[in-house]
Amino acid sequence: MATITFPKDFRFGVSTASYQIEGAYNEDGRGMSIWDTYSRIPGRVLNGDNGDTACDSYHRMDEDIALLKELGVNTYRFSIAWPRIFPNGRGEVNQKGLDHYHQFVDKLIENGIEPLCTIYHWDLPQSLQDEGGWKNRQTIEAFVEYSDLLFREFSGKIKSWLTINEPWCVSFLGYFVGEQAPGEKDLQTSLDVAHHLLLAHGRAVKRFKELGIPGEIGFAPNVTWYEPFSNQPEDVEACKRISAWFMEWFLDPVFKGSYPQILVDWFEKKGAKVNIQEGDMEIISQPIDILGINFYTGTVSRYKEGNGTFDCEHLDGLFDKTDIGFTIYADAFYKVLVDIKNKYGDVPIYITENGATYNQDPVDGRVMDDKRIKYLKQHLTQISRALSSGVNLKGYCVWSLMDNYEWSYGYSMRFGLVHVDYHTLKRTKKDSYFWYKKLNQNHWFEL
Ligand code: BGC
């Protein structure tokens with residue numbers, strides 16, 4: 001039996017996001033978000049589920065913090081709901097919203113848990129969407145106003161910041177594939193949105209540095225690994241294109257100040273281009289202190305003319321899948337991390353999300369989620385491998401602390417270490433919770 005060991009100062013945590021857990025959608029002055037609107041459009045979200053109540057975490061702060069405390073994590077990655085702070089996106093501040101997060105962050109700190117805060121995890125105020133949302137460059141100004149307020153308010157309390165979660169999902173799932181809010185399907189628009197998100201990120205980083213706020217800041221892109229089925233140049237190229245869509249499209253501008261040419265050319269053939277104004281790339285490529293990486297899946301792919309946007313076909317049948325249908329390819333986690341090191345250098349990395357959906361309910365009060373434990377073991381083994389290969393990894397957060405609102409899948413997909421009964425809101429610790437608790441205590445586990 002092999003033992004996988006982690007450095008003593010390696011940070012272990014769990015992640016959540018405001019819209020997915022908080023509920024209390026119309027309380028204490030919160031404004032509406034695009035997800036409140038989108039989830040109400042018939043047919044957009046499975047079973048018509050919305051985040052009105054979610055896990056009710058807004059009201060269950062003490063219960064949730066007790067779960068974190070017992071789990072023994074030293075880091076909690078959560079997001080702040082923009083519409084609680086600025087109900088109209090900008091302008092008038094909602095003090096009750098700020099008070100809520102002050103209370104929450106104070107309690108985390110009292111319990112020895114470091115907050116790792118995401119500024120934007122998809123709940124854009126609806127009033128900004130009414131003006132065009134991320135299509136409109138003015139939204140960038142609103143984001144800077146919002147970030148600036150958070151930096152000043154929580155200076156000294158929150159020391160680790162992530163500007164934007166998964167800009168790929170916001171831009172491409174939201175504006176090209178059309179599977180997330182606001183559900184549009186236009187390639188050109190998605191490129192504009194991606195560019196504006198990157199600008200919003202860069203402007204917020206710049207402001208953070210100007211204010212001299214103590215701490216570290218970065219963003220949290222999602223990456224996926226596509227491995228060529230063969231060495232044939234067309235398979236290799238097809239994989240390069242699709243990998244670049246997830247990774248280089250967001251990481252190249254931030255680290256290198258340019259978009260990846262392979263995709264610039266490809267999108268041009270599809271009639272779309274990035275609208276770059278003077279000075280944009282300098283803003284986007286502000287140096288960051290930390291990089292968050294969200295990783296779930298990888299696959300083997302090959303060239304197939306006319307297939308999808310990238311002439312690429314995925315051989316997902318080669319892999320086992322989690323209940324949401326994501327292929328399980330743990331080695332790809334190592335490969336992608338080494339690739340990031342080779343391409344972008346040694347910026348400190350936090351794995352800000354990694355986890356698996358297995359939709360089990362408690363039986364006699366117990367959730368025996370062995371498959372989730374197996375997934376976590378496999379992926380943490382790759383983390384340990386990457387650490388040995390010199391990848392500058394600082395921490396790892398499981399997605400998620402508890403089952404929650406899985407966007408267009410509603411409540412049908414369970415990612416949590418803690419089970420949530422959506423009728424009673426009762427929390428039940430799964431076997432994986434106890435397994436992770438032990439890892440937190442020991443900093444090692446047995447395979
Ligand atoms: C997102 C989470 C989501 C998770 C599982 C990521 O795309 O940041 O909000 O729940 O993956 O799909």
In the stretch 209-248, what residues are outside any loop (DSSP other than H, G, I, E, B) and within 16 Å of the ligand (Cβ to nearest atom)?
Gly218, Phe219, Ala220, Asn222, Val223, Thr224, Trp225, Trp245, Phe246
Within the stretch 97-125, how many residues are more than 16 Å from the ligand (Cβ to nearest atom) and either among the polar types (S, T, N, Q) or part of a loop (DSSP other than H, G, I, E, B) (or both)?
4
Apart from one, (1) in contact with a Gly (Cβ under 8 Å, 6 or more places away or on another chain); (2) within 16 Å of the ligand (Cβ to nearest atom); (3) more than 18 Å from Met247 (Cβ to Cβ) all hold for Gly325; the odd one out is (1)
What do you reckon, is Asp331 touching a strand residue (DSSP E or B) at 6+ places or on another chain (Cβ under 9 Å), more than 16 Å from the ligand (Cβ to nearest atom) and free of Cβ contacts under 8 Å to residues at least 40 places away in the same chain?
no
Just for strands (runs of 3 or more DSSP E) wholly inside the stretch 265-357: which have at least 3 residues that are hydrophobic (A, V, I, L, M, F, W, C) and crowded, with 20+ Cβ neighbours inside 10 Å?
290-303
Restricting to the stretch 1-28, give me the number of residues that are charged (D, E, K, R), away from the ligand (no atom under 16 Å from the Cβ) and either touching a residue at least 60 places away in the same chain (Cβ under 8 Å) or within 22 Å of Thr352 (Cα to Cα) (or both).
4
Exactly one of Ser384, Ser432 is in a helix (DSSP H, G or I) and touching a strand residue (DSSP E or B) at 6+ places or on another chain (Cβ under 6 Å), and that residue is Ser384
For the stretch 288-295, check the following and say yes or no: at least one residue is closer than 30 Å to Phe10 by Cα and out of contact with any strand residue (DSSP E or B) (no Cβ under 7 Å at 6 or more places or on another chain).
no
Looking only at the stretch 359-379, decide whether some residue is more than 15 Å from the ligand (Cβ to nearest atom), in a strand (DSSP E or B) and crowded, with 17+ Cβ neighbours inside 10 Å.
yes
Right, Ser79: more than 16 Å from the ligand (Cβ to nearest atom) and polar (S, T, N, Q) or not?
no
Is the stretch 165-181 home to any residue that is under 30 Å from Gln95 (Cβ atoms) and either at pLDDT below 95 or away from the ligand (no atom under 16 Å from the Cβ) (or both)?
no
With criteria (1) assigned to a helix (DSSP H, G or I); (2) touching a strand residue (DSSP E or B) at 6+ places or on another chain (Cβ under 7 Å); (3) under 18 Å from Phe246 (Cβ atoms), Leu150 comes up short on (3)
The residue from Phe219, Phe229 that alone is within 27 Å of Trp399 (Cβ to Cβ) and either charged (D, E, K, R) or in contact (Cβ under 8 Å) with a residue 40 or more places away in the chain (or both) is Phe219
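The values are calculated or read from the model by the stated rules, or taken from the named source; none is laboratory data. Predicted, not measured: the structure shown is a model, and the values here were computed from it. With ideal geometry, Cβ positions are generated from the backbone for all residues, glycine too; neighbour counts draw on all protein chains shown.
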